[in-house]
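Some notes on the structure that comes next.
The values are calculated or read from the model by the stated rules, or taken from the named source; none is laboratory data. The model shown is predicted, which means the values in this text are computed figures rather than measured ones. Heads up, the Cβs are rebuilt from the backbone with ideal geometry, glycines too, and the neighbour counts pull from every protein chain shown. Calculation scope for accessible area: heavy atoms of the full protein, side chains included, ligands and nucleic acids excluded. Shrake-Rupley method; radii C 1.70, N 1.55, O 1.52, S 1.80 Å.
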Amino acid sequence: MTYTTQQLIEILEQELRATWKGERILLSSAERIDNPVIAKAIDLQKVGKVFAYQDFRRQIHAYQRQHKVSGIIWRECTFSGKSIRYPELHNQLIPVPGDKEILMAAKEMVLDFWREMTQEMNFWLAANRYRPITLESVEEFMQEAEWAEIDATQTELFLGLCWGNPQEYQYLWAKPNSGCHRIIAAISEPSSIKV
């Protein structure tokens, strides 16, 4: 029997808890740090916990690849009394062939929800600072994106317009090949919540 995506998430959560309780440790962590000055300055037991979990997670990723277990989970976003369920890559799993296509297939559904819920709202591009942008600019970003993700607070709706590798799009170093434009919709000014 092959483990499901949800079972792999539960296994990773159990392993992470066990690691931070000190039940798992990697004794060779000093050998993994190339700089002897840094190796002496940091707590190798804590570093050993990080390496132990990373090694375990790599094994889970290899299992995913071997058995083609998706890294996709389904999230629900509710705003102003309406909800949408959409796919996203779980932050501890990797995409397998077909996962990006699942994300891409849900793009228009996410964008339709966004458009419906943000009428009469103002838009900001979330970068180093918030920058007001027009609906036309948002629509241009929508056309360029391969998939979309959405999140909400009580008064603001956040849209991610993403492209590239679903495993790397969140990192600045991945640009321009992978990335995500973050758009904030609010009635007045956006709050100080980081997106």
Heavy-atom accessible surface of segment 62-195: percent carbon and sulfur, 1.4 Å: 50
Among K107/K175; K21/K68; K21/K82, which pairs are too far apart, with a Cα-Cα distance over 29 Å? K21/K68; K21/K82
If you count only protein heavy atoms with a 1.4 Å probe, what accessible area per residue comes out for segment 84-178, rounded to a whole Å²? 55
Could I have the simple spin-label model distance between N165 and S188, label points 7 Å from Cα toward Cβ, reported in nm to one decimal? 4.3
With each label point set 7 Å from Cα along the Cα-Cβ vector, what nm distance links K175 and R129? 1.6
Under the 0.36 nm per residue contour assumption, what length would be gained going from the current alpha-carbon distance of Q66 and E140 to full extension? 22.8 nm
Given unit charges at Cβ for Lys, Arg (+) and Asp, Glu (-), the dipole magnitude of segment 81-152 about its Cα centre in debye, nearest 20, is 260
